[in-house]
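First the structure, in the form of structure tokens, and then the observations on it.
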Amino acid sequence: MQNILSIFRNSFKTPDVRRKLLFTALIFVVFRIFAHIPVPGVDLVSLKLLFSRNQFLGLLDIFSGGTLANFSVMALGLNPYINASIILQLLTLVFPKLEALSKEGESGQQKINQYTRMLTVPLSALQAFGMYALLRSQGIITTLLPINLMAFIVTMVAGTMLLMWFGELISEKGVGNGISLIIFAGIVGRLPVVFGQTISTITAENFTSIVIFLVMAVVVIASIVIINEATRQITVYYAKRVRGNKMYGGQSTHLPLRLNQAGVIPIIFAVSLVLLPSLIANYLTASKNVALHNIATSITIWLNPLGILYNVLYFLLVVGFTYFYTAVIFNPKKIAEEIQKYGGFIPGIRPGTPTANYLNYILTRITLAGAIFLGIIAIFPTIARTFTNIQNLILGGTGILIVVSVVLETIKAIEAQLVMRSYDSYTK
């Protein structure tokens, strides 16, 4: 804690870093202003009631930065952009041209970012129409004329693109990852409201439950910090090589394998898959077809977010997607080829395929610990409600994971800026 305070204190003493921090804060203020400009024609009271009953919409509200529950002009938030990024990452594994583009360094990454922005537009339009259909089925918004519906969709798409631009401005002129910080700002911006709701329910009977919940929250936050920072260090030696009159290599380094390679992405995948049937079922419960109505009602009952079946399925999906996404972003064969290319080897392991098999062996086992941890974090709200009987949780497990991860990354980014400035002043 002392180190964090000293980093922030030194950052405000450095003009360049201070300017970046103030710019980031300014973008946050503008974002929160837009988050309270509602789209006309929406019954906000009924909308908030719908969100309180649907966990899938609640998760979308997290990634929209709290703008979806208010149904502001930025109601879709960054969900289409996140989906577009995930789709592009998966397509990179399928299409060799995209894979080659991803290896071209900064220019290739800029091209992929451009494709991501282009894909975000149709995804935003599709999600806006789906949101309109859902709200109309629930009687929250009236049936719109085609021209008004087009204006509704264009407004939603424009809000997403503006929010995406804010994130890129922070990445370029501010501190840290702009997209992550926008999501972080939205989650933190909702805290005062939810905290006030929780405080208003405190009585002499449930005071002990509040204390238990706070203790659980502290333990979860500490666990997230430990797991996020945990790595398995693989020692790599580099043989001595002579080029011309110079000798290279002859040193050792470490290849860090993170315990949680996938971050929060598996939870996003899993919750989208496990809650999508419930979302469709809620839409079909208003159907006049008796068979469809009964099937939709059964799905709603069986996949109740507080039920055992739902939480077991959710946990298993998170574990499965953690392995899947780790395999997507970490390629042991490619790493082994790079080590061999530069004359490196792992002690006791032959270069090439044996090295790749060894890395895969280690990664499979440490990922299990990370996957189980993410699964517990995903079902943390249900666990907390069971032990404390508190319905208005300040933050769910996913929200805590995002907030803590973003804070850690941002602190590291600020510290890197300070080290770079200190080095520049030293060289001068």
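Can you spot a residue in the range 84-107 that is open to solvent by less than 80 Å² (accessible area, probe 1.4 Å) and not in a helix (DSSP H, G or I)?
yes
Kindly indicate whether Val312 is within 29 Å of Gly174 (Cα to Cα), open to solvent by 70 Å² or more (accessible area, probe 1.4 Å) and modelled with pLDDT under 90.
In short, no.
Can you work out which of the residues in the range 145-157 that are part of a helix (DSSP H, G or I) and aliphatic (A, V, I, L, M) is surrounded by the most Cβ atoms within 10 Å (Cβ to Cβ)?
My answer is Met156.
Looking at the range 343-359, can you tell me whether even one residue there is at pLDDT 85 or above, closer than 16 Å to Leu257 by Cα and within 27 Å of the chain's Cα centre (by Cα)?
Looking through the range 343-359, at least one residue is at pLDDT 85 or above, closer than 16 Å to Leu257 by Cα and within 27 Å of the chain's Cα centre (by Cα).
Please name all residue pairs, on different chains or six or more residues apart, with Cβ atoms under 9 Å, provided the first residue is in the range 328-340 and is free of Cβ contacts under 8 Å to residues at least 24 places away in the same chain and part of a helix (DSSP H, G or I) and the second residue is surrounded by 14 or more Cβ atoms within 10 Å (Cβ to Cβ) and of a type in the set (Phe, Trp, Tyr).
The qualifying pairs are Ala336/Tyr358.
Quick check: anything in the range 11-24 open to solvent by less than 20 Å² (accessible area, probe 1.4 Å), at pLDDT 80 or above and not aromatic (Phe, Trp, Tyr)?
Checking the range 11-24: at least one residue is open to solvent by less than 20 Å² (accessible area, probe 1.4 Å), at pLDDT 80 or above and not aromatic (Phe, Trp, Tyr).
Residues in the range 30-43: is at least one crowded, with 20+ Cβ neighbours inside 10 Å, at pLDDT below 75 and of a type in the set (Asp, Glu)?
No, the conditions are met nowhere in the range 30-43.
Could you tell me whether Leu135 is surrounded by 15 or more Cβ atoms within 10 Å (Cβ to Cβ), over 22 Å from Ile402 (Cβ atoms), at pLDDT below 85 and not β-branched (Val, Ile, Thr)?
Considered against the rule, which asks whether it is surrounded by 15 or more Cβ atoms within 10 Å (Cβ to Cβ), over 22 Å from Ile402 (Cβ atoms), at pLDDT below 85 and not β-branched (Val, Ile, Thr), Leu135 comes out as yes.
When both residues are 6+ apart or on different chains and their Cβ atoms are under 6 Å apart, which pairs have a first residue that lies in the range 98-112 and is over 19 Å from Glu168 (Cβ atoms), and a second that is open to solvent by 80 Å² or more (accessible area, probe 1.4 Å)?
Listed pairs, sorted by first residue: Leu101/Lys111.
Out of the residues in the range 127-161 that are of a type in the set (A, V, I, L, M) and free of Cβ contacts under 8 Å to residues at least 12 places away in the same chain, which is farthest from Thr116 (Cα to Cα)?
The qualifying residue farthest from Thr116 (Cα to Cα) is Leu145.
Given the conditions (1) touching a helix residue (DSSP H, G or I) at 6+ places or on another chain (Cβ under 8 Å); (2) modelled with pLDDT under 75, and given that Pro192 satisfies all but one, which numbered condition is not satisfied?
(1)
Within the range 353-366, which residues are closer than 17 Å to Lys333 by Cα and either in contact (Cβ under 8 Å) with a residue 60 or more places away in the chain or open to solvent by less than 70 Å² (accessible area, probe 1.4 Å) (or both)?
Pro354, Thr355, Ala356, Tyr358, Leu359, Ile362, Leu363, Thr364
Could you check the range 108-132 and list, in sequence order, the residues that are open to solvent by 40 Å² or more (accessible area, probe 1.4 Å) and more than 24 Å from Val154 (Cα to Cα)?
Passing the criteria: Gln109, Gln110, Lys111.
Residues of the range 258-279 being over 18 Å from Ser85 (Cα atoms), of a type in the set (A, V, I, L, M, F, W, C) and touching a helix residue (DSSP H, G or I) at 6+ places or on another chain (Cβ under 6 Å), which ones?
Selection gives Leu259, Val274, Leu275, Leu279.
From the list Thr142, Thr160, which residue is surrounded by 15 or more Cβ atoms within 10 Å (Cβ to Cβ) and on the phi < 0 side of the Ramachandran plot?
Thr160
The values are calculated or read from the model by the stated rules, or taken from the named source; none is laboratory data. All values reported here derive from a predicted model rather than from experimental measurement. All Cβ positions, glycine included, derive from the backbone under ideal geometry; neighbour counts span all protein chains shown. Heads up: the accessible areas ignore ligands, DNA and RNA and are worked out on the full protein's heavy atoms, side chains in. Shrake-Rupley method; radii C 1.70, N 1.55, O 1.52, S 1.80 Å.
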